[in-house]
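What follows is a single structure, written as structure tokens, with notes after it.
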Amino acid sequence: MLATLSAAVVAAMPPAAKAAEPLRVIVFGAHPDDCEYTAAGTAALWVKAGFKVKFVAVTNGDIGHHQMAGAILARRRTEEVKKSGAILGAEVEVLDNHDGELLPTLENRRTIARKIREWKADVVVSHRPNDYHPDHRYTGVLVQDAAFMVTVPSFCPDTPALRKNPVFLYSEDGFKRPNPFAPDVVVPIDSVANLKIDTFDAIESQFYEWNPWLAGEADQVPKDKAERKRWLAAANLPNFARTADRFRPKLIEELGEEKGKAVRYAEAFEVCEYGTQPTKDELRRIFPFVGKD
């Protein structure tokens, strides 16, 4: 597998051999909709590039609604994100932890380490551990705490340890303390922005019900399915645009002046200080759709 090969060996491989060993990416989100919100665009590009992608919701989302809760809601949300994953071509798993109750326990650290090992991950993406929601924070902490342990054979010896530590990435957030998000890669997602909206459309309980209710906008959601999806795009495409505008200098650095200024929508990722520290060439291999021609 590619993750077990040295950079020198990989560089010496013929193109056909490299293509036969697609990179494997696992994305952790605290709830069933977080992976989609932070990384669905990039995931679509990874899948298109031949990568193997898995989304893991670390809690089952069983309190994330104003009119339902418990097992019924958890089942509904699991069905929604599996439908969303099918749109992307990504595998999806929802862990059976209660929403709002996630803690950075040893048991949960073992679970996260096993999931990374089972996927034979080359790249791991998660929240940063500074966020408004405790489940987001502790998802970030759990992934950080697993970042070295995935290589230790006697930790969770029932699951074979990885011989090469993955590259760990943080997804974008806007929080400033104790340190602001600083992207190492900004991914243009113009070509898949509508596909990302399609993944949101599949997660009806959140994007048409819970989130609008939290924002006091539930009465603005159209009843007609086509109108509702147009409303969803109008509500969310500006968020993708804000990421592109926020990190415009990085896009220009990556793509050049003309192309960097032309990007409308983006997602952004920061390299975690734990795990393998990628070179520029290794980052280009992880993000083959980013960079100057």
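Taking every C-alpha pair closer than 8 Å and separated by at least 6 residues, the mean separation divided by the residue count of the chain gives a relative contact order of 20 percent.
Judged by the mean number of other Cβ atoms found within 10 Å, the most tightly packed of the peptides 265-275, 32-42 leads the ranking 32-42, 265-275.
Residue ranking by accessible heavy-atom surface, 1.4 Å probe, largest first, among TRP46, TRP210 comes out as TRP210, TRP46. Relative to the Cα centre, the charge distribution of the range 55-161, modelled as +1 at Lys and Arg Cβ and -1 at Asp and Glu Cβ, gives a dipole magnitude of about 160 debye.
Accessible surface calculations at 1.4 Å, restricted to protein heavy atoms, place the chain at 47 Å² per residue. Taking packing as the residue-averaged number of other Cβ atoms within 10 angstrom, the listed peptides 69-77, 81-89, 196-204 run from highest to lowest as 196-204, 81-89, 69-77. Ordered from largest to smallest accessible area (heavy atoms of protein chains, 1.4 Å probe), the residues SER154, SER171 come out as SER154, SER171. For the chain, the percent of C-alpha pairs falling in each 5 Å distance bin, counted from 0 to the bin holding the largest distance, reads 1, 5, 12, 16, 19, 18, 14, 9, 5, 2, 1, 0. Carbon-plus-sulfur accessible fraction, the chain (probe radius 1.4 Å, protein heavy atoms only): 54%.
Using just its DSSP H runs of length 4 or more, each adding -39500 (n - 2.57), the chain gives a mean residue ellipticity at 222 nm of -13500 deg cm²/dmol after division by all residues.
Each label point was placed 7 Å from the Cα along the Cα-to-Cβ direction; for ASN239 and LYS280 their separation is 3.3 nm. Near ILE87, once Lys and Arg are set to +1 and Asp and Glu to -1 for all other residues with Cβ below 14 Å from its Cβ, the sum equals -3.
In a fully extended conformation the segment linking GLU118 and ALA262 would gain 47.9 nm over its present Cα-Cα distance, using 0.36 nm per residue. Computed over neighbours whose Cβ is under 9 Å from that of PRO104, the net charge equals +1, Lys and Arg +1, Asp and Glu -1.
The values are calculated or read from the model by the stated rules, or taken from the named source; none is laboratory data. It should be emphasised that the depicted structure is a prediction, and the values quoted were computed from it without experimental measurement. Cβ: placed from backbone, ideal geometry, glycine included. Neighbour counts: every protein chain shown. What goes into the accessible areas is simple: the full protein's heavy atoms, side chains included, and nothing from ligands, DNA or RNA. Shrake-Rupley method; radii C 1.70, N 1.55, O 1.52, S 1.80 Å.
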